[in-house]
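> Let me give you the structure first, and then I'll get to my questions.
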Amino acid sequence: MSAAFLGMPRRRLPETGFSPVQGKRPFPEAASAALSDPVLRRNLGHATGVIRRKRASVVGELPDWEELRSAGAAIKAETMARLPELLEQLEANVTAAGGVVHWARDAAEANAIVTDLVRATGEREVVKVKSMATQEIGLNEHLAAEGITALETDLAELIVQLAEDHPSHILVPAIHFSRTEIREIFARRMPGVDPDLTSEPRRLAMAARAFLRERFLRAKVGISGANFAIAETGTLTVVESEGNGRMCLTLPETLISVVGIEKVLPRWQDLEVFLQLLPRSSTGERMNPYTTLWTGTRAAHEGGDGPRAFHLVLLDNGRTDVLADEVGRSALHCIRCSACLNVCPVYERTGGHSYGSVYPGPIGAILSPQLTGITGDSVNDSLPYASSLCGACYDVCPVKIDIPSILVDLRARHVEAAQQASRVPSAEAVAMAAAAYVMKDEKRFAAVTGSMRLGRPLLRDGQLRGPLSSVMTGWSRARDVPAPPRETFRQWWSHRERHDGAASERGGP
Amino acid sequence: MTGSAREEILSRVRAAVAGAEAPAVPRGYRREVEASASQLLELLADRLRDYRAEVVPVPDDDAAIAQVLADQLTERGLRSVVAPQAVARAWLAGPAGGEAVQVVVDDGTLTWQDLDGVDAVVTGAALAIAETGVVVLDGDAWCGRRAVSLVPDLHLCVVRGRQVVGLPTEAVSRLQPTRPQTWIAGPSATSDIELDRVEGVHGPRTLVVLLAG
């Protein structure tokens, strides 16, 4: 087999069909629908504003936040460099603690493994902890097709599942719904719900508690992801708030955890860094209400605690391709806190669905296209452009992923891939080649910029007029076109030097 | 199939990171805080209350803890309480346990439905972290099985002064990695509806911490 990364674009998705990491429409098209939805914009603006303030306040409490970020970034870089040995160490320690480790090259393989494991228990219903990895592989849809009901137990995931919608945020997947909308969803879709339910968040949360309680107590199979997997000890960690995670990780006899290969951490000690970085960055809390850590099965624990059977499914699904790219690799450092979504001016206005992937926002804009492969003509190729490159995402990232630089790199890779994919150069490629020709030579540059003022009559109020307007319409639809000045900088500079020179001759010391 | 998937993934990972250097990890963050025992208790109480846990200070001896627990159980009108064996023996053998409140000792055979029928749970703790307002249970004789501290709707947790550390870093170095752990910061909560925090979802809706020190 060929494992070496050759830098060649490679399509990892079928041409048609549903993929949880790629939408049907390019970002600008999907975003323009979202932008014209005033309710969505109000919900998003409110929610991201609240969480930005909370995060800033608890991060500001720590005098050593930057030191924690630096440690987090270094631990993740170390993890990637040592990933082969760490994965083998994790496997050995999970196995020694009574767990069974499975390896899945892609979504189909992971779904098949989980389906077989559930079938072997004889159960037709499983309870789930919110997990990005299982969303990424479309596990619920696959299980449903196999006749197995997967019940999401996180409140927001339950809302989205009942609404037959898709998550729009990594941390708060129902961020696009207001309380009134959620009340409507529960009233219509939740079996046995109180018809007098109001839209008060407490009442809505209590309705979810009542609905799920009996299901938790009778569940025989739980499915989760993991925030961290410690190679040194074989310990897995799930960080959550509601207690649905504890229910799913504690009560069922069989526990199946689907975990991306990049979630491993080298040492137990590393948790001291990440259990500080994650809660403050994600929910803006000093600590999230519940964190569960378990190692293997009941047999390995004193006092008979833990599941009778534990299965760890290690998932590749495009990660090794991301890993092979030295620039893009650090997208795998992500701990799914979603701080970058909440500060992003693009996310705040367009919402998560516009990105078409379960990974939205700035991290999604670098992770999704790398997972699916930049081909030059795929829908995800549009994602690296879904950014103003303002850099707010980099500033808040708890593991210092340089998202703006990766966005720029991916744009360059997209242009190259597009050129390879199509023999006929695009208008953009022709324009860029022309610009390169002009800019390489000082005289050519001066001549062209000097003549730009001739275009002034073609512009009015930031809009193009005349013959160019039809050619440039794609570009200028969402942008004002600046009118060229009467005089270029170079022209102004040369007048100024002549003028100054004369002045100093007259009045100089 | 799985065997070959393992080999293929590992060999792809090896090829992808060939030549990558593992950086040294700079651990310049705080490893401990300068604070007296009473300052730590005060900070812990403040942080726990901030996330809607109820905090009850008690003198740090078994008789006092037993008395306060008995008062709590009767004042709240609870009819039954479950506890790990060590807790039941040390703190629930007194009058409240014998009279109004039924004490169920977890011998490892209680079913989830049994636990769901009990009003409250009393546990000890492995340690507590002042700065983040966290209590850690680790499944020992005082903390009990994870299900026992999860299913009942009210959790009374006894934390002793010597168990309180300042920072998460101190907690991680004290804890036994392979013990089943639950880190608890306040009662269960959600922020899923318009980012409004609501306390009390699936875990115990009320958390009462008895701070003994």
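The values are calculated or read from the model by the stated rules, or taken from the named source; none is laboratory data. These figures come from a predicted structure and were not determined experimentally. FYI the Cβ positions are ideal-geometry reconstructions off the backbone, even for glycines, and counts take in every protein chain you see. Side chains are part of the model used for accessible areas, which takes the heavy atoms of the whole protein and leaves out ligands, DNA and RNA. Shrake-Rupley method; radii C 1.70, N 1.55, O 1.52, S 1.80 Å.
> Would you mind checking the tilt of helix A:361-372 against the longest principal axis of the Cα atoms of chain A, expressed as 0 to 90 degrees and rounded to 10?
It is inclined by approximately 80 degrees.
> Still on this structure: Return the whole-Å distance between the Cα centroid of segment A:88-133 and the Cα centroid of segment A:266-290.
So the two Cα centres are separated by 25 Å.
> Can you pull the accessible area of residue A:80 for me, 1.4 Å probe, Å² to the nearest 10?
0 Å²
> Considering amide H positions built from the backbone, and no H for Pro or chain starts, which residues 5 or more places from residue B:134, or on another chain, come under 5 Å of its amide H?
B:129
> Suppose we compare each residue of segment A:259-279 in its chain alone and in the full protein complex with a 1.4 Å probe; which ones drop by at least 40 Å² of accessible area?
A:268, A:269, A:272, A:276
> Could you derive backbone 3J(HN,Hα) for segment B:157-172 from the dihedral phi with the Karplus parameters 6.51, -1.76 and 1.60 (θ = phi - 60°), listing whole Hz in sequence and x where the residue is Gly or Pro?
Working through the residues one at a time gives 10, 9, 10, 9, x, 5, 8, 8, 10, x, 10, x, 4, 5, 5, 4 Hz.
> Would you count, across chain A, every pair of lysines whose alpha carbons are under 22 angstrom apart, provided the pair is eight or more residues apart or spans two chains? Don't skip to the answer; put the middle values down first.
Numbers: A:54/A:400; A:76/A:263; A:76/A:400; A:128/A:220; A:128/A:263; A:130/A:220; A:130/A:263; A:263/A:400.
Counting lysine pairs in chain A gives 8.
> To continue, here is another question. Considering only the other residues whose Cβ falls under 11 Å of the Cβ of residue A:400, what net charge follows from Lys and Arg at +1 and Asp and Glu at -1? If you can, show how the numbers build up before the last one.
On the way: positive: A:69, A:76; negative: A:66, A:395, A:402.
Every neighbour counted, the sum reads -1.
> Using the Cα centre as the reference, give the magnitude of the dipole from point charges on the C-beta atoms of the protein assembly as shown (Lys, Arg: +1; Asp, Glu: -1; all else neutral), rounded to the nearest 20 debye. If you can, show how the numbers build up before the last one.
Details: 79 positive and 89 negative charges, 505 e Å.
Dipole about the Cα centre, nearest 20: 2420 debye.
> Taking chain B as a Gaussian network, where each spring joins two C-alpha atoms under 10 Å apart, which residue of B:185, B:141, B:22 fluctuates the most?
Comparing B:185, B:141, B:22 in a Gaussian network model of chain B, the most mobile one is B:22.
> I'd like to compare A:196-206, A:247-257: which one has the highest average count of other Cβ atoms within 10 Å, and what's the full order after that? Intermediate results must be reported in sequence, preceding the final value.
Values: A:196-206: 16.9, A:247-257: 24.6.
Sorting A:196-206, A:247-257 by mean packing, highest first, produces A:247-257, A:196-206.
> Compute the signed sum of charges (Lys and Arg +1, Asp and Glu -1) over the other residues within less than 10 Å, Cβ to Cβ, of residue A:348. Provide the component values of the computation, followed by the final result.
Details: positive: A:41, A:52, A:349; negative: none.
With Lys, Arg at +1 and Asp, Glu at -1, the net is +3.
> How big is the antiparallel share of DSSP beta bridges in segment B:36-212, given as a percent to the nearest 5?
Details: 8 of 33 bridges.
Around 25 percent of the beta bridges assigned by DSSP in segment B:36-212 are antiparallel ones.
> While we're looking at this one, here's another question. What does the accessible area of residue A:190 come to, in Å² to the nearest 10, when a probe of 1.4 Å is used?
Its heavy atoms expose roughly 10 Å² to the probe.
> Rolling a 1.4 Å sphere over the protein heavy atoms, what is the accessible area per residue of the protein assembly as shown, to the nearest Å²?
Working: 29450 Å² over 722 residues.
With all protein chains present, the protein assembly as shown gives 41 Å² per residue.
> A follow-up question, please. Which order do B:44, B:78 take when ranked by solvent-accessible area (1.4 Å probe, heavy atoms of all protein chains), largest first? Please report the intermediate quantities before stating the final value.
Working: B:44 0, B:78 25 Å².
Per-residue accessible area, sorted high to low, gives B:78, B:44.
> What nm value, rounded to one decimal, do you get for the distance between residue A:437 and residue A:25 when each label is placed 7 Å out toward the C-beta?
Computed distance between label sites residue A:437 and residue A:25 equals 3.8 nm.
> If you rank B:74, B:169 by how much accessible surface each has, with a 1.4 Å probe, what is the order from largest down?
Working: B:74 70, B:169 0 Å².
Heavy-atom accessible area, descending, gives B:74, B:169.
> In whole percent, and with a 1.4 Å probe on the protein chains, what portion of the accessible area of chain A is carbon and sulfur? The partial results should precede the final answer.
Details: 11540 of 21280 Å².
Taking all protein chains in place, chain A shows 54 percent carbon and sulfur surface.
> On the full set of protein chains, 1.4 Å probe, figure out the accessible area of residue A:444 and give it in Å² to the nearest 10.
Per-residue accessible area (residue A:444): approximately 80 Å².
> OK, next. Ordered by residue, what ³J(HN,Hα) values in Hz, to whole numbers, does segment A:173-184 give under the Karplus form 6.51 cos²θ - 1.76 cosθ + 1.60, where θ = phi - 60° and Gly and Pro are x?
For segment A:173-184, the Karplus curve yields x, 9, 4, 7, 9, 8, 4, 5, 5, 5, 4, 5 Hz.
> Order these peptides, A:339-352, A:175-188, by their mean beta-carbon neighbour count within 10 angstrom, highest first.
Going by the mean number of other Cβ atoms within 10 Å, highest first, we get A:339-352, A:175-188.
> Can you give me the angle between helix B:2-17 and the longest principal axis of chain B, using Cα atoms only, in degrees from 0 to 90, rounded to the nearest 10?
70 degrees
> Continuing with the same structure: Give the percent of DSSP beta bridges with both residues in the protein assembly as shown that are antiparallel, rounded to the nearest 5. Mind dumping the intermediate values first?
On the way: 24 of 73 bridges.
Bridges in the protein assembly as shown are about 35 percent antiparallel.
> Hey, can you rank B:25-38, A:41-54, B:187-200, A:360-373 by average C-beta count inside 10 Å, highest first?
Listed from highest to lowest mean packing, they are A:360-373, B:187-200, A:41-54, B:25-38.
> Below 8 Å between Cα atoms, with a sequence gap of 6+, how large is the relative contact order for chain A in percent? Please list the in-between numbers first.
Numbers: 839 pairs, mean separation 106.1, N = 509.
Answer for chain A is 21 percent.
> I'd like the mean, over residues of B:169-175, of how many other protein chain beta carbons sit within 10 Å of each residue's own Cβ. Can you show the working numbers first?
Numbers: counts 8, 1, 3, 9, 3, 0, 3.
Per residue, the average neighbour count from other chains is 4.
> Let me confirm one metric for peptide A:290-298, namely the mean number of other chain beta-carbon atoms within 10 Å of its residues' beta-carbons.
Details: counts 11, 7, 6, 10, 7, 6, 2, 0, 2.
Across A:290-298, the average partner-chain Cβ count within 10 Å equals 6.
> What's the magnitude of the charge dipole for segment A:221-333 around its Cα centre, counting Lys and Arg as +1 and Asp and Glu as -1 at the beta-carbon? Answer in Debye, nearest 20.
Details: 9 positive and 14 negative charges, 38 e Å.
It comes to approximately 180 debye.
> At a 1.4 Å probe, what is the % contribution of carbon and sulfur to the accessible area of segment B:82-157?
Numbers: 1160 of 2320 Å².
It is 50 percent, rounded to a whole number.
> Mean separation of Cα pairs under 8 Å and 6+ residues apart, divided by the residue count of segment B:73-213: what relative contact order is that in percent?
This gives 23 percent for segment B:73-213.
> Compute, for chain B, the length of the dipole vector about the Cα centre, with Cβ point charges of +1 (Lys, Arg) and -1 (Asp, Glu) only. Units Debye, rounded to 20.
Values: 20 positive and 29 negative charges, 140 e Å.
Taking the Cα centre of chain B as origin, the dipole is about 680 debye.
> Additional query: Starting from the Cα gyration tensor of segment B:36-212, take the square roots of the eigenvalues, sort them a ≥ b ≥ c, and report rounded, prolate or oblate (rounded when a/c is under 1.5, otherwise prolate if a/b is larger than b/c, else oblate).
On the way: a/c = 1.42, a/b = 1.21, b/c = 1.17.
Rounded, since a/c falls under 1.5.
> Relative contact order for segment A:321-421: what percent, with Cα pairs under 8 Å and sequence separation of 6 or more?
Working: 138 pairs, mean separation 30.4, N = 101.
Normalised by residue count, the contact order of segment A:321-421 is 30 percent.
> If you add up the charges near residue A:161, with Lys and Arg at +1 and Asp and Glu at -1, over every other residue whose beta carbon is less than 12 angstrom from its beta carbon, what do you get?
Values: positive: A:128, A:130, A:189; negative: A:141, A:152, A:154, A:157, A:164, A:165.
Neighbour charge sum, excluding residue A:161 itself: -3.
> Work out, step by step, the length gained on full extension between residue A:494 and residue A:445: first 0.36 nm times the residue separation, then minus their alpha carbon distance; give nm to one decimal.
16.1 nm
> Considering the dipole of segment A:62-317 built from charges on the beta carbon (Lys and Arg +1, Asp and Glu -1) around the Cα centre, which of A:112, A:306, A:65 is farthest to its positive end?
Selected residue: A:306.
> Note the angle between two axes, namely the Cα long axis of helix A:271-282 and the longest principal axis of the Cα atoms of chain A, as a number of degrees from 0 to 90, rounded to the nearest 10.
In chain A, helix A:271-282 runs at an angle near 60 degrees to the longest axis.
> Along the charge dipole of the protein assembly as shown, which of A:121, B:15, A:158 sits closest to the positive end, that is, farthest toward it, with unit charges on the beta carbon of Lys, Arg, Asp and Glu (+1, +1, -1, -1)?
B:15
> What cysteines in the protein assembly as shown have no other cysteine with a beta carbon less than 4.7 Å from their beta carbon?
A:248, A:334, A:337, A:344, A:390, A:397, B:143, B:157
> Averaged across B:106-112, how many Cβ atoms of other chains sit within 10 Å of each residue's Cβ atom?
Working: counts 1, 0, 3, 1, 0, 1, 8.
For this peptide, the per-residue mean of nearby foreign Cβ atoms is 2.
> Further question on the same structure: Check residue B:106: other-chain or 5+ apart residues with amide H under 5 Å from its amide H, H built from backbone geometry?
Amide H to amide H, under 5 Å and 5 or more residues apart or across chains, residue B:106 pairs with B:83, B:85.
> Put +1 on the Cβ of every Lys and Arg and -1 on every Asp and Glu Cβ in segment A:321-421; which of A:407, A:357, A:378 then has its Cα farthest towards the positive end of the dipole?
The residue sitting most towards the positive pole is A:357.
> I'd like the antiparallel share, as a percent to the nearest 5, of DSSP beta bridges with both residues in segment A:62-317.
On the way: 9 of 33 bridges.
Of those bridges, close to 25 percent are antiparallel.
> Once amide H atoms are placed 1.01 Å from N in the peptide plane, what residues at a sequence separation of 5 or more from residue A:125, or on another chain, have their amide H within under 5 Å of its amide H?
The list, which skips near neighbours in sequence, is A:149.
> Could I ask something else about it? Sort B:153, B:62, A:116, A:316 by heavy-atom solvent-accessible area, probe 1.4 angstrom, most to least.
Working: B:153 45, B:62 70, A:116 95, A:316 5 Å².
Listed by decreasing accessible area, they come as A:116, B:62, B:153, A:316.
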